Amino acid sequence: MNQPRAAAARALALAALCVPLFAQAAAQSDEQAPPASASKPVSSAPHAELLARAKALGGVATWTPYGRSRQGRELFALRIAGAAQKPEELPAILVVANVDGTQPWTSALALQHAEQLVARAAEPTVSALLASTCIYVVPCANPDAHERRFAAVQHEREATGPGVDNDRDGRSGEDPASDLNGDGRITQLRVRDPRGEWIADPLDERALVKADKTKGERGVWRVWTEGRDLDRDERVAEDEPLDACVNRNFAAEWKELAPESGAFPTDEPETLALCEFVLQRPQIALVVTYGAFDNLVEKPKSVAADALQKRVPQAGVVEADAVLLAEYGKRYAELTGVKHKGRGGDAGSWQTWAYAHRGLWSLAINPWDLPLDAPEKSAEAKSEAKAEDGAAAPAKPEKDPKEKKDKREPSEDAKRLRWIDANADESWRFVPWQAFEHPELGACEIGGFAPFARNEPPAARSAELAAAQFEFLLTLGADLPRVRIEEFTAKALGGDLHELRARIVNPSRLPLQNASALRTEAVRPARLDLELGAGASLVAGERLHLIRALDGSGGRFEARWLVRAASLADVRLKLSTQHAGSDARVAELAR
Amino acid sequence: MNTLLLSLALLGAQAAPATPAPDKSFSGLAAGAAPRVEIAWNRLYDYDEIHAHLDRLVALYPQFLSMQVIGHSVENREMRVYTLTNPATGAHDTKPAMWVDGNIHGNEVQGGEAVVYVAWYLLENYGAVPRVTELVDGATFYLCPMLNPDGRASWFRDAHNASSSRSGRQPFDDDGDGLYDEDGSDDLDGDGSITQMRKYTPGVGNLRLNPDDPRLMDPVPPNERGVRGDWTMLGSEGFDNDGDGRNNEDAVGGYDMNRAWPSGWQPEWIQGGAGPYPLYWPETRCVARFWIAHPNIAGVQSYHNAGGMILRGPGYEAFGEYPRDDVAVYDELGRDGEAMLPYYRYMIIWKDLYSVFGGSVTYAYESLGVISFTNELWNTDQMFGDRAEQNSGRGANHKFDDRLLMGAGFTPWRKFNHPLYGEVEIGGFKKDVGRVPPSFLIEEMTHRNALFAIRHAEAMPKVSIVSTVVSDLGGGLSAIDVEFRNERIIPTRTARAAQKGIGKPDLFTLEGAGIEVLAGGFRTDRFRPERLDFAEREPAALRSERGIPGRGEVRVRWIVRGRGDATVRWQGEKARAVSAPVKLP
């Protein structure tokens, strides 16, 4: 019973040891001959389409539904695993996309990962990964918000749960956004108003910046989300019927009584379902989340393991973990070239809950954003772009830049516009401001960045980006902690008395438990059982060891026992863990 | 034969729904009184019996009491809420409601009886005691006798001590060995309670038998003469069932449903028993959802045991003190409670007890803005009253047990052959000693605590319109001055609710077909009518976050054009709406 399992476990451990080598090999082979599918653009798709593709996937993928969204859409995962006997018991990685709901492209990205894993399951890199690691992919964790990308009117908004009375007028949801100019997009609305806090960026009047009163600037524009003022309170689109956000509804650093937080953590069905997905699969050791947040490009705020304010922990990644996370940051930058920072905070997020409350490695990735870099472009392209601006935007007096007193940097939005101007196919990302006669406010302008402008890479970039992300994913399996019994020997001390020695080793890069898991105790310790048959008895030592901490990169644990045993076949050692595999051995006579 | 017939007749009368006779009551005045539903208040009842009592009340008072199942426990027991009000005077959700629950900790059973008592007392006295009648007509009670029915059922059914079975029954791996609930206590002597194990270890123990009472053991502190004790305590009765070298370290469950609520919730390693996320257990989640769905809840009481406390939040120092106006409300009710409940003290959880993250009553206040208390029922000081000299020391339980219970509460030490420790002695107090009162003090406990919840319910806001005055301003304009009063202690909106924007603001309206409301606002000066905090828009429907203070007034002035009949109205979440006609000549 124990023999085949032990052999399998050893094979796994060996595979784990080999992975770092072939991860590099994979990186090379990808460069040399990218698979045909990698050059196909990866584009956003509605939930129903993602679902149909996922269901049809087959091969090494198993359809794994896990709940329903608030509006009744199916929440689903794919379990991708090799031919292992019980793949659900292998150490696992979970890839989750679009918990935010505003990142529909990442859903296509995650599903493409699953499709790649299936299509390339026979390739050595992928098959070795799947022999030792189970991969779960949740392509679309927030389908209700996801669908806004494909609605008749596009609206980039996270909220899918119950609304509150945002403007405290005793009514809830009475003044939502609406597509006033009928262009199928909710953009922005700006009104000239002495109460306004915004001015046009002098370097690009399409972009808005906050007036800096310390520099004598006076606000010109009041800026709202595009919509009516149905409750006539001189505030526009300020009370949507939905407010609670799935990715603000997790328990870690949850903000009580904020509209986006939801009534209580896990009140949102999508949030609850994802929590339960993880709790029911304790083999998951590492989570990769595609969304608005990032903790790889920008080093997250770190805190000492014992940084408590009285009993409550300081928010942040525990130092020891932040160091390892930074290593992933380097690898990520190398493989993907992604340099931009993510958006949003930690409060109530899935990414933070997975790390801070469950002790999982949580890699947060924001794969793409509108670049801020000045694009390389020809002089003609520049003048062309300028001419177009002039047509669309309000008249802009030509000024000699030397006359300007302050040498101001272009605002981030102005930089984004510069990139849009330089890329002919990307003009959809900005809607030029156009005059509009508002039913409640009178003269105003509608325009600004289009919904999802910052969340969807250009089609031409998408394949390359997806391939790089996939490559990064492939490197992660080798790092998962995998403990094994490296030695279990018996020294005969005369008669049937034996001294047993065992050595447990974690050869992988990641420790058995990260610093967060050690303090939260959310990951159970490795369990080492000395199992004695009928002919053997314990003379000294602990029958059961619970091993909580075991470093990565060769961390070890040693134990000794004295047993009486006529035959060593009666002396077995069993090692079991939550998410680092298992192993078993019969004692061997020491040389 | 005659006696038998008479009893049958009485039973029949009890079973059939009867109209309450107004001259009968059971208010607490004992001479010649008899309740319509006899419940022996000198006993503790199991899950089914608690519901059976309430169901008898439903059968006799169907017009006032109804039952709903709001969810199911881990072991699939019904989570029941009984709604008590007089629907003839308005639906339950149009009235301020008092939520009363008990037994969120499975072993803290007597809260269940106290909840039943609330229902029983109100129903028995409706129509006879005017204040009870007013309360049942004007308010609603939501009564949840057992928030942890599985824990209660186990405490009655299985061997326990006074403190075990606090948790619910969902498996939990307390010792982190990957096995669930594999090493609980064991009732080795079969007395139905989990008592203690001690072993005679001559010359190497740290205890000696008390020479006056060998049931007790005295510590032997280290001393220069090298004298040591002869006895060693080995903890609770039980085996090392899982062979891990520890006894009784992984019993059934192992969590705390009163650390599971969202306000200030912290994970397991900060707050033991919290679970993987707030409201993880179905018992807690269905109650929280009920609260959220019933914004008319204006008071919460959660009965626990023991120690004689009237507790309020905050549960943790760093959360900061509650707003001053709310503290004043808490203090008034809390101090009243101290008078009503001898041996009980009004306390702040973090300051006077210990830090608690994720308690239910702190959630009720901090997230829902509802004045809420936890009463810790029964204080062992009550055993001997003021005779402190008899009531001190470790022997107090024995003195009481010996004199007033003929020693029945104690299992005498008896030898037992333990597989690991060899010969030991097993003995100690039974599970119903220490945290629940003896039978003859249960009625007093339930009555006083039920009346405290009823007193809390009487403090819920009640709004009236004191006066409406119409003044002619000339030129076809009139001013309408209306004074709204909250007669009770609790404001229509607590300061917490106002600060955090919880629930809906209060609404003050003026409506009339023949009038145009030109302006309206809250008067800031009682004597100078022009000093008006007047609304920027919708002057006919004024909103207020602050609501009407406890035992205070809000004065509203409207400036209108026109004539004819109009109606002024107040509407809020936590009191009954009121309106009054106004005539503009």
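The values are calculated or read from the model by the stated rules, or taken from the named source; none is laboratory data. Please read all numbers here as calculations on a predicted model, not as lab measurements. Cβ coordinates were reconstructed from backbone atoms using ideal geometry, including for glycine residues, and neighbour counts include every protein chain displayed. When the accessible area is computed, the model is the full protein with side chains, heavy atoms only, and any ligands, DNA or RNA have been set aside. Shrake-Rupley method; radii C 1.70, N 1.55, O 1.52, S 1.80 Å.
Going by a 1.4 Å probe on protein heavy atoms, which residues of region B:267-303 end up with at least 10 Å² less accessible surface in the whole assembly than in their chain alone? Listed in order, they are B:Pro267, B:Trp269, B:Ile270, B:Pro276, B:Tyr277, B:Pro278, B:Leu279, B:Tyr280, B:Arg285, B:Arg289, B:Ile292. Here the relative contact order of region B:197-260, from alpha carbon pairs under 8 Å that lie six or more residues apart, stands at 32 percent.
Count Lys and Arg as plus one, Asp and Glu as minus one, and take only other residues whose Cβ is under 12 Å from that of A:Arg564; the net charge is then -3. Looking at region B:485-585, the trypsin sites (Lys or Arg not before Pro) that sit in a DSSP loop and have at most 10 other Cβ atoms within 10 Å of their own Cβ are B:Arg526, B:Arg537. Take the alpha carbon gyration tensor of chain B, find the square roots of its eigenvalues, order them as a ≥ b ≥ c, and report rounded if a/c is under 1.5; if not, report prolate when a/b exceeds b/c, else oblate. Note, shape of chain B comes out prolate.
If you average the sequence gap of Cα pairs under 8 Å that are 6 or more apart and divide by the length of region B:463-584, what percent do you get for the contact order?
For region B:463-584, the relative contact order is 36 percent.
Distance from the C-alpha centroid of region A:472-493 to that of region B:289-368: 52 Å, rounded to the whole angstrom. Between B:Ala293 and B:Ser467, the simple label model (points 7 Å from Cα in the Cβ direction) yields a spacing of 4.5 nm. Rolling a 1.4 angstrom probe over the protein assembly as shown with all protein chains present gives an accessible area of which 52% lies on carbon and sulfur atoms.
Probing with 1.4 Å while keeping every protein chain in the model, the per residue accessible area of the protein assembly as shown equals 42 Å².
Please identify the chymotrypsin sites (Phe, Trp or Tyr not before Pro) of region B:475-531 that satisfy two criteria: DSSP loop assignment and at most 11 other Cβ atoms within 10 Å. Which are they? Loop-located and lightly packed - B:Phe527.
If the label point is 7 Å along Cα→Cβ of A:Arg560, which residues in region A:525-541 have backbone nitrogen under 18 Å from it? Counting backbone N atoms under 18 Å from the label point, the list is A:530, A:538-541. Chain B and chain A together bury an accessible surface of about 3200 square angstrom, both sides counted, with a 1.4 Å probe and no ligands or nucleic acids included.
Distances longer than 19 Å among the Cα atoms of region A:484-589: what percent of all pairs is that?
Percentage above 19 Å: 43.
Based on the Cβ-Cβ distance of B:Val327 and B:Ala34, what FRET efficiency does E = 1/(1 + (r/R0)^6) give at R0 = 41 Å, to the nearest 0.05? So the FRET efficiency works out to roughly 0.45. Note on B:Glu49 and B:Tyr421: their simple-model spin labels are 3.2 nm apart, each label 7 Å out from Cα toward Cβ.
The residues packed around B:Val118, meaning those with a beta-carbon under 13 Å from its beta-carbon, carry a net charge of -2 if Lys and Arg are +1 and Asp and Glu are -1. Over chain A, with a single point scatterer placed on each C-alpha, what log10 of the ratio I(q)/I(0) does the Debye formula yield at q = 0.05, 0.08, 0.11, 0.12 1/Å? The calculated log intensity ratios at q = 0.05, 0.08, 0.11, 0.12 Å⁻¹ are -0.28, -0.64, -1.07, -1.22. Across chain B, C-alpha contacts under 8 Å between residues 6 or more apart give a mean separation that, scaled by the residue count, equals a relative contact order of 13 percent. Mark the label point 7 Å from the Cα of B:Arg455 along Cα→Cβ and return the residues of region B:341-364 whose backbone N is within less than 20 Å of it. Under cut-off, by backbone N: B:341-349.
If R0 is 51 Å, what FRET efficiency do you get for A:Ala459 and A:Asp306 from their C-beta distance, rounded to 0.05?
In this case the efficiency is close to 0.55.
In region B:540-570, the residues whose accessible area drops by at least 20 square angstrom when the other protein chains are added to the isolated chain are B:Arg543, B:Glu545; the probe is 1.4 Å and only protein heavy atoms count.
So how far, in whole Å, is the C-alpha centre of region B:211-257 from the one of region B:155-202? Each part reduced to its Cα centre gives a spacing of 14 Å.
Annotation note: trypsin sites (Lys or Arg not before Pro) in region B:162-248 located in DSSP loop regions with a Cβ neighbour count of at most 10 within 10 Å are B:Arg225. The distance from the alpha carbon centre of region A:82-138 to that of region B:548-579 is 62 Å, rounded to a whole number. Summarise the long-distance tail of P(r) for the protein assembly as shown by giving the % of C-alpha pairs beyond 43 Å. Here the tail beyond 43 Å accounts for 54 percent of pairs.
A simple spin-label model places the labels of A:Glu334 and B:Arg561 7.9 nm from each other, with each point 7 Å out along Cα-to-Cβ. Electrostatic tally near B:Ala575: other residues with Cβ closer than 15 Å to its Cβ, Lys and Arg +1, Asp and Glu -1, net +3.
Please work out the FRET efficiency for the pair A:Lys215 and A:Arg543, using the Cβ-Cβ distance as r and a Förster radius of 60 Å; give the result to the nearest 0.05. Calculated transfer efficiency: 0.20.
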